[in-house]
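The values are calculated or read from the model by the stated rules, or taken from the named source; none is laboratory data. Computed from a prediction, not measured in an experiment: that's the story for all the values here. We place every Cβ from the backbone using ideal geometry, glycine too, and count neighbours over all the protein chains shown.
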Amino acid sequence: MFFIFLIVVALTAIALVVLAMTVARLVGPRSYNPQKAEPYECGIPTRGKSWVQFHAGYYLYAILFLMFDIETVFLFPWAVVAAEAGVYALAGLAFFLTVLILGLAYAWKKGALEWK
C-alpha cells in the first residue's frame, strides 16, 4: 500500500513538472537576440581568456564557512529542546561537536584559516 502511494506521488510530481514546462514553453514569449547568447559578467565585455583559476584557499574558506553555518543550524533546535532531549541526545551532540572541532583543528593545521 505504501509503495502504491509513493508511485502515485512520484508520477504526480513528474506530471506537474512536465505540465509546467509545457505551459511555459507554449505561453512564454519567444525572442532571440545574439546578445543574449553572450556570456554576462557584470555588464563588462570579457577580454582575453575568461577561464581563471582561483586559489584553493577561497574554496577552503567557503567550506569552513558552510561547516560552521551548518553547525549553527543543527545546534539551535537542539538548544531549544535541550531539557527534554535526554542523555542520548547529549551524547549525540558531543559527538557532533567533536567531529566539528577535529575538522577545525585539521583546517588550522593545514593553514586554511590564514589569509595569504
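Looking across the stretch 30-64, the residues that are modelled with pLDDT under 70 and not charged (D, E, K, R) come down to P39, Y40, C42, G43, I44, P45, T46, S50.
Against the criterion of being surrounded by fewer than 10 Cβ atoms within 10 Å (Cβ to Cβ), assigned to a helix (DSSP H, G or I) and polar (S, T, N, Q), T22 does not qualify. Just one of (1) without any contact (Cβ under 8 Å) to a residue 24 or more places away in the chain; (2) part of a helix (DSSP H, G or I) fails for F68. It is (1). When residues in the stretch 53-79 are screened for being of a type in the set (F, W, Y) and closer than 16 Å to L113 by Cα, 5 of them pass.
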